[in-house]
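Notes follow the structure.
The values are calculated or read from the model by the stated rules, or taken from the named source; none is laboratory data. These numbers were taken from a predicted model, which means no experiment stands behind them. Neighbour counts are summed over all protein chains in view; Cβ atoms, including those assigned to glycine, are modelled from backbone coordinates with ideal geometry.
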Amino acid sequence: MAIILLDTKTINRIAAGEVIERPASVVKELVENAIDAGSSEIEIKIESGGRNLTTVTDNGNGIEKGDLELAFMRHATSKLSDRELIEIKHLGFRGEALPSIAAVSRMKLSSKARGANEAWSIRYEGGEKVGEITPYSLSQGTHIEVRDLFFATPNRLKFLKTERAETQSIVDIVNNLAMINYGISFTVNSGNKKPLKYAKQTSLFSRLCEIEEEFQSNSLAVNEEEEGVKLTGHICKPTVNRGKSTMIYTFVNGRPIKDNLLIGAIRYAYHDFIPSDRYPFAALHLEIPYDQVDVNVHPNKSEVRFQNKKLIYEIVTRGLIKALSRRVGTFDVLPVHGHSGQATKMTESFTEDALSNSFSNSSVQKKFHEQFHKRKPSPFENQLMEGFNSPNEEAKSLSERSESFDYTNMQKSPPQAETMVLEREQIDLIESHPLGFARCQVYNTYIIAEVRSKLIIVDQHAAHERLVYECLKQKSSIKRQKLLLPETVEIKNQAGMEMIEVYKDKLFEMGFEIEIKSENRVIVREIPAILGTIDVKEMIINVVDRLTEIEDTLPIEDKVNKILATIACHGSIRAGRKMKLEEMNELLRQMEKTPYSGQCNHGRPTYIEMKLSDIEKLFERR
């Protein structure tokens with residue numbers, strides 16, 4: 001067949017097939033143009049999910065009359081010159097949006113340039129200009145109507161989804177753009193409904209709270225910078241997670257993108273805190289020198305290419321781990337006048353300098369944890385760990401073994417003096433500690449603590465599981481205890497024995513001394529002291545099962561952490577174990593000192609808060 005040159009109309013419709021996939025694509029291109037035009041208000045109206053009508057109105061800079069027709073020519077743009085191709089600073093820069101939309105619809109563009117005396121309007125159908133440029137009534141900015149989408153390429157209509165699905169897709173697109181462009185007000189009207197309406201905000205956090213109410217009380221700020229790359233944004237605590245990645249929002253230089261590298265870095269930072277099939281809530285913005293990122297790799301500009309992938313991955317991972325590691329109490333406690341009339345303020349036990357130094361290289365978690373675990377445990381803490389690991393309820397509690405906490409002798413003192421001492425201690429704990437003073441234990445499972453204007457409810461097993469896990473991760477500081485009678489464990493499958501042989505040295509680092517006795521037997525001579533009294537056989541069998549299950553699917557460090565999580569679960573205080581008041585308070589103090597103590601190894605919360613104001617509302621006291 002002879003080679004022919006396609007006509008302009010066909011070329012435009014082919015190009016439109018790449019850029020305009022559905023009504024949401026039209027909205028995306030037009031809203032991006034409105035943002036580039038410096039708008040502070042953008043309104044979108046749709047009918048039939050954008051199939052019959054889509055209008056976008058903004059109050060931006062507008063288009064001069066002499067440029068209206070030029071704007072509909074392919075690759076005509078005001079946002080790019082030849083020398084700027086490697087430093088793209090605008091959302092739309094190819095000059096494809098207007099001609100592509102006009103090629104497959106009936107389109108009318110009306111605009112009044114800033115400083116101009118009047119507005120002008122131009123119309124296109126199927127890519128061809130209809131009539132002449134005419135005057136139009138418009139106070140400022142640009143108004144665009146797109147009717148009968150895909151009328152010129154009707155085959156495309158068969159691939160559109162339901163009206164509801166197409167409307168939701170449009171809302172999602174605008175939601176993404178509105179999130180990062182928080183200084184602009186956005187409105188979406190669909191018939192008589194307003195599925196989206198955002199006012200102008202002064203910060204990303206304000207916009208996030210406007211989008212998702214639970215973000216306000218569960219967010220953690222992210223701020224990290226290195227080699228000119230700056231990461232800012234907010235993430236939610238691990239207890240706020242979803243079954244899909246739809247709540248992960250990533251932006252590069254103000255552009256919403258979906259990038260597997262960024263999602264992988266986010267998931268890695270959370271991998272210790274939420275189940276593997278769950279996804280966190282995160283909104284992160286990367287500011288990268290324009291010459292270090294290529295945004296011209298996808299027709300919809302939804303993907304980018306980074307010059308230094310390793311640096312980006314490390315910055316994101318490091319920034320999130322820092323945010324997640326903020327322990328209970330790294331905030332300022334609100335001033336409350338106590339018995340002395342002085343306001344009490346919490347102080348952080350580590351500084352930003354210490355954090356930044358701890359993340360100076362790729363060994364992110366290792367050095368970071370060292371900052372938290374240089375302090376040696378006190379004798380009471382060691383006793384506490386032993387007490388936590390009592391095999392059953394009948395075992396003596398810590399207070400029964402420690403004379404230093406024998407409150408029975410206090411009865412010899414005058415009752416009034418005793419009351420004053422206890423009240424003073426309680427007041428100090430309530431005012432100076434984020435998790436306050438433990439009042440009681442209910443169901444032998446939950447600790448009830450009082451702190452200022454709220455109650456704290458702690459799940460004792462989940463909380464202690466995290467403490468044990470973090471301790472075990474510091475392999476260099478693990479204390480060992482020799483078993484009086486070494487435990488012989490039978491491993492019934494060959495794969496399990498192979499795992500023991502492969503990971504024998506790693507298990508030794510974790511505090512286990514294991515000797516391979518025969519083809520199916522091992523002898524356990526030492527275990528981590530923190531585990532106290534446990535069923536050694538059950539523990540080793542569970543560790544082997546865990547190793548066999550994960551096989552080669554994870555890097556070595558991740559495998560080790562999975563093993564440690566299994567050990568921590570077995571070595572933690574169980575639900576149903578009765579605790580003394582001083583044990584409860586020491587558990588609270590340890591939670592305040594331990595990173596990631598807000599959730600257990602499985603992503604469940606270790607404690608919840610109930611505000612006094614909410615309790616008073618239940619009793620109609622306010």
Determine which member of the set Ile170, Ile180 is surrounded by 15 or more Cβ atoms within 10 Å (Cβ to Cβ), more than 30 Å from Arg156 (Cα to Cα), in contact with a strand residue (DSSP E or B) (Cβ under 7 Å, 6 or more places away or on another chain) and not assigned by TED's automatic domain parsing to the domain that holds Lys310. Ile180
Please find, within segment 1-42, the residue that is modelled with the lowest pLDDT out of those that are charged (D, E, K, R) and within 39 Å of the chain's Cα centre (by Cα). Glu18
Residue by residue through segment 197-218, note down the ones that are of a type in the set (A, V, I, L, M), under 23 Å from the mean Cα position of the chain (by Cα) and either surrounded by fewer than 17 Cβ atoms within 10 Å (Cβ to Cβ) or closer than 23 Å to Asn33 by Cβ (or both). Leu204, Ile211
Name the pairs whose Cβ atoms lie under 7 Å apart, with the first residue in segment 596-619 and in contact (Cβ under 8 Å) with a residue 24 or more places away in the chain and assigned to a strand (DSSP E or B), the second aromatic (Phe, Trp, Tyr) and surrounded by 15 or more Cβ atoms within 10 Å (Cβ to Cβ), and 6 or more positions between them or separate chains? Gln599/Phe273
Has segment 219-238 got at least one residue that is under 13 Å from the mean Cα position of the chain (by Cα), within 26 Å of Val31 (Cβ to Cβ) and not in a strand (DSSP E or B)? no
Which pairs have Cβ atoms under 9 Å, sit 6 or more apart or on different chains, and link a residue in segment 214-237 that is at positive phi to one that is polar (S, T, N, Q)? Glu227/Asn308; Gly228/Gln292; Gly233/Asn223; Gly233/Thr250
Tell me, which strands (runs of 3 or more DSSP E) lie completely within segment 476-584 with 2 or more residues that are among the β-branched types (Val, Ile, Thr), under 31 Å from the mean Cα position of the chain (by Cα) and at pLDDT below 80? none
Output for segment 45-61, where each listed residue is in contact with a Ser or Thr (Cβ under 7 Å, 6 or more places away or on another chain) and either within 17 Å of Pro23 (Cα to Cα) or not in a strand (DSSP E or B) (or both): Lys45, Ile46, Gly49, Asn59, Gly60
Could you pull out every one of the strands (runs of 3 or more DSSP E) wholly within segment 86-194 that has 3 or more residues that are in contact with a helix residue (DSSP H, G or I) (Cβ under 6 Å, 6 or more places away or on another chain) and either within 15 Å of Lys45 (Cβ to Cβ) or modelled with pLDDT of 95 or more (or both)? 185-190
Which condition breaks for Gln201 when tested against (1) in a loop (DSSP other than H, G, I, E, B); (2) closer than 20 Å to Glu43 by Cα; (3) in contact (Cβ under 8 Å) with a residue 24 or more places away in the chain? (3)
Within segment 24-72, work out how many residues are surrounded by fewer than 23 Cβ atoms within 10 Å (Cβ to Cβ) and at positive phi. 2
Looking at segment 266-282, which of its residues are part of a strand (DSSP E or B) and touching a Cys at 6+ places or on another chain (Cβ under 9 Å)? Pro280, Ala282
So in segment 274-300, with the set limited to residues that are touching a helix residue (DSSP H, G or I) at 6+ places or on another chain (Cβ under 7 Å) and under 16 Å from Lys244 (Cα atoms), which one is modelled with the lowest pLDDT? Tyr279
Pairs needed: first member in segment 445-459, surrounded by fewer than 17 Cβ atoms within 10 Å (Cβ to Cβ) and modelled with pLDDT of 90 or more; second member anywhere, among the aromatic types (Phe, Trp, Tyr) and part of a strand (DSSP E or B); C-beta distance under 8 Å; at least 6 residues apart or different chains. Ile457/Tyr446; Ile457/Tyr607
